[in-house]
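Down below is the structure, laid out as structure tokens.
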Amino acid sequence: NEQNVKTLIESNDSLISSKQHSIQKSITEKRNTHAFEQSSFKDSTTSTQSASHIPIPQNKKIEIIRERVRIPKYALSTLSPSKPVEEEGKTVTNTAFNLLTSNNNNIFISKKVASSTNPITQRNAQIKRREHTSHTYAFKSSSSSSTISTAKRNTKLNGTVGDTNTISSLESTPEKEKAQENDLNNKEETENVEEVDIAIIGAGIGGLCAGSILNTLYGKKVGVYESHYLPGGCAHAFPITTMVDKVGEDGIMKKDKVKFTFDSGPTIVLGCSTKPYNPLRQVLNAVGMDDEVEWIPYQGWGMIEHPLKDEKEKRWRVELGPSLFENGPLTGFGGEDALREFQELRESTKELISGAVGIPAMAMRAGNSALIPLLRYLPALIGLIKQGEEVTQGTFGQFMDGPKFIVKNQWLRDWLDALAFSLSGLPASRTAAAAMAYVIYDMHREGAALDYPKGGLGAVIDALVKGVEQGSNGSRVHLRQHVENIDISADGNDIKGIILKGGKRVIAKDGVICNAPVWSVKNLIKNEEALKVLNDSLPLNKQRSPRQSWIVPGNDIRSSIRHERPIVDEDDNSSLLAKYDTAEMTGSFLHLHLALDANGLDLDSLEAHYTVMDRGLGGDNAMINGCKDGPCGELNMIAVSNPCVLDKTLAPDGYIVVHAYGAGNEPYDIWKNMKRNSPEYIALKEQRAQALWRAVESIIPDVRKRVVTSLIGSPITHERFLRRPKGTYGSATEDYLKDGSTPYKNLVLCGDGVFPGIGIPSVALSGASAANSMTSPWIHWKCLDNLRS
């Protein structure tokens, strides 16, 4: 009762005066020995001997935290000779107030003792440190755009408020300290638990698509938990700020701060600007985020073979649309045989395309009820059923080497391998048939175009995050929130939620979606009973390891990719857990990010994207580990993204960004024993990046003189920042999970380890499937009705 408290305060002036003196003395002594944290104190540099006048908002409490005790603001007014604080605009004068902060519309005095043994004080500090590191991805909307920022939670650590024991609680007794500690334990337990409907592990495209669908279409409260400080997974964008020399208006050279935006991963997307839309665009449409991304279409890319080798170098262009490829490079390099085979190949894959085009991503779901929503699209479904699962979920090998079709022309085979490798990190014969068929169709249809999002891939990620967080469900994307494990009941029967690093528990009432790589699932499940469920009740004592797509002989001998699937042990497919642990890993990445001075550079003469074949489209014919070199050889195919040709917002005027990378053709084992930042590691990065530099120099000859900033990313970079085991591109096609279902109805997987596998459209589809799987088939059906209308 505030009136009672006020009466007690007024009748105990001497006690309050004594406490005032004690608090001021403690603060003064502490100020002489310890700097108060800027984030906790508004004016830590003001002398405690001077007065400060702070406006106090109406109906806000001034809080003194002294061994976890809070005093109402009007009680604090008796500590000062000034008038009691009761109205907004009044001021409080007190020497102690110089140390206060108004960050949370409350004012705090904190007694901080570095070596205190008081359990309340120690626990207070622990909680404050933990909560200080919690981040939320928050949006600020404007009429023209949505700006995304990372905001720290502001948390108040409060004790008992507004009761008649407030004054007497200043007198510390063992009983009261014990009671306070019990209260604190209860408070800490409450603050260390969060409740959502769906918890999603990982803010890659799959996880964000799932989260945006669940939040927007199904009204679920979603929490997406991401270890990285940026969302997007392998497709995130990141800013780099650096200083450059610039001549000022006075003619004097000065340092100027400039900002560049880089894409971390894929830079080519199809099917986003024109129909039929790919699964990513379908998800953006479904959650109302289609207008958040401006797609810039372009019609082709440049090819360079044998760069900087005058006698061998070839330059040509791939153009999208009907007949342009056939009448151009296909016939020019492959001849009439290549043209005939390509036309027959397109015809033989036509039925496979009908399913991909005819069934939308939002109709997909995992588990036993997967067929129910597909009944809405019966003609396309019947076509897929007729072909059989081996065709629809198998590899393109059946169209390369029979029985469906056989490609004999070597130039066409090399071209198909190059296309496939950019999709999966594997040759065409080992790439998903559905993915290859769709790309062949999409590149050569009427209205075909490549698409680049204005602002970079980060604009797509921003739109998906906004989809997760829009509305009033309380859904959020939480960054720097590493998931330690999936919380499962002791008997291994029920999925409860997740546990974050630091011990915070997230209760997921409806379930958990895991967007982490399949090899990480076992590490996320600490419950032995649950592991037995995933292992089909088989013993857990066998150590399993993933198969590898690359043969790395060492001794400076070039590595080679496996054109056939490695031998699969019988135990590798004995259970779902065995499939997770032994799934074949494709190769890793090597990146070169460049910010360049574009002065005198004719951007109009450059392509937005190049594919540079360092040793030619067919390789150098060398036999390596029994395998012939080719498009998929080690660091042979280098992608060079030159996005400022399309979007000048990625760099300041007079500058451009360039991203060269080898996708899936850099074996991890070359790097596995390297220590980050060691001289050997730095030297190896420079050595391995020469192929990337060569690719860029074939486009911009004086690139090294133009460099403002350069960054080399290795497989270890991929492993560390993206939490990709061995920095892998993803699972091999033959080891894609059929869908994301598990023995637990409320635990579903999505991402590049789930069919249809690697690539932006594929992971978007798996995310949509996972989201729909968290609802009943009936609710899913009604959602499709709403989307259609």
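A few notes on this one:
- Protection-proxy order for peptides 583-592, 263-272, each taking the mean of Cβ atoms within 10 Å per residue, highest first: 583-592, 263-272
- Under the shape rule built on the C-alpha gyration tensor, where the axes satisfy a ≥ b ≥ c, region 253-312 is oblate, since a/c reaches at least 1.5 while a/b does not exceed b/c.
- Given their separation in residues at 0.36 nm each and the Cα-Cα distance between them, residue 494 and residue 597 gain 31.4 nm when the chain is fully extended.
- In this structure the amide hydrogen of residue 232, modeled in the peptide plane, comes within under 5 Å of the amide hydrogens of 203, 204, none closer than 5 places in sequence on its chain.
- When the square roots of the Cα gyration tensor eigenvalues are ordered a ≥ b ≥ c, the ratio a/c for region 490-609 is 1.5 or more and a/b does not exceed b/c, which makes its shape oblate.
- Highest-first packing order for the peptide set 759-771, 343-355 is 759-771, 343-355, based on the mean count of other beta carbon atoms within 10 Å.
- If only the Cβ of Lys and Arg carry +1 and only the Cβ of Asp and Glu carry -1, the dipole of region 566-627 around its Cα centre is close to 80 debye.
- FRET efficiency for the pair residue 372 and residue 250, taken as 1/(1 + (r/R0)^6) with r the Cβ-Cβ distance and R0 = 60 Å, rounds to 0.25.
- For region 474-594, lysine pairs with C-alpha atoms less than 25 angstrom apart, excluding pairs fewer than eight positions apart on the same chain, total 23.
- Modelled label positions at residue 675 and residue 351, each set 7 Å beyond Cα in the direction of Cβ, lie 6.0 nm from each other.
- 5 angstrom amide H check on residue 221, placed H, neighbours 5+ away: 197, 198
- 3J(HN,Hα) along region 644-652: 5, 4, 9, 9, 7, 6, 6, 8, x Hz, from the Karplus curve 6.51 cos²θ - 1.76 cosθ + 1.60 with θ = phi - 60°, whole Hz, x for Gly and Pro.
- Calculated FRET value between residue 275 and residue 408, using beta carbons and R₀ = 30 Å, to 0.05: 0.30
- Residues in region 219-231 carry Karplus couplings, in order, of x, 8, 7, 10, x, 9, 10, 10, 5, 5, 7, 10, x Hz; the curve used is 6.51 cos²θ - 1.76 cosθ + 1.60 with θ = phi - 60°, and Gly or Pro positions show x.
- Each label was represented as a point 7 Å from its Cα along the Cα-to-Cβ direction; for residue 389 and residue 337 these points are 3.8 nm apart.
- Heavy-atom accessible surface of region 221-359: percent carbon and sulfur, 1.4 Å: 49 percent
- Residue list for region 429-465, given a label point 7 angstrom along the Cα-to-Cβ vector of residue 299 and an amide N cut-off under 18 Å: 442-452
- Approximate shape of region 320-368 as ellipsoid semi-axes (Cα gyration tensor, √5λ), whole Å, largest first: 33, 12, 8
- Computed FRET value (nearest 0.05) for residue 509 with residue 788, which takes r as the C-beta separation and R₀ as 45 Å: 0.95
- For residue 487, residues with placed amide H under 5 Å, excluding near neighbours: 496, 497, 498, 499
- Cα centroid of region 539-583 to Cα centroid of region 459-498, whole Å: 31 Å
- Accessible-area composition of region 716-761, carbon plus sulfur, in percent [1.4 Å probe]: 52 percent
- Selection among 411, 400, 387 by position relative to the dipole of region 329-418 gives 387 as farthest towards the positive end (Cβ unit charges, Cα centre).
- Each residue of region 191-201 was assigned a 3J(HN,Hα) from its phi angle through the Karplus expression (A = 6.51, B = -1.76, C = 1.60, θ = phi - 60°), giving 5, 8, 10, 10, 10, 9, 7, 10, 9, 10, 8 Hz with x at Gly and Pro.
- Extension gain, residue 401 to residue 290: 0.36 nm times the residue separation minus the Cα-Cα distance gives 35.9 nm.
- Full-extension gain in nm, residue 454 to residue 625, via 0.36 nm per residue minus C-alpha separation: 57.2 nm
- The magnitude of the dipole of region 295-408, with charges of +1 and -1 set on the Cβ of Lys/Arg and Asp/Glu and taken from the Cα centre, is near 440 debye.
- Cβ crowding within 10 Å averaged over residues, with 737-747, 631-641, 597-607 ranked highest first: 631-641, 737-747, 597-607
The values are calculated or read from the model by the stated rules, or taken from the named source; none is laboratory data. Worth saying up front: this structure is predicted, and the values here are computed from it rather than measured. So basically every Cβ, Gly included, is an ideal-geometry build from the backbone, and we count neighbours across all protein chains shown. Just the protein is used for accessible areas: all its heavy atoms, side chains included, with ligands, DNA and RNA removed. Shrake-Rupley method; radii C 1.70, N 1.55, O 1.52, S 1.80 Å.
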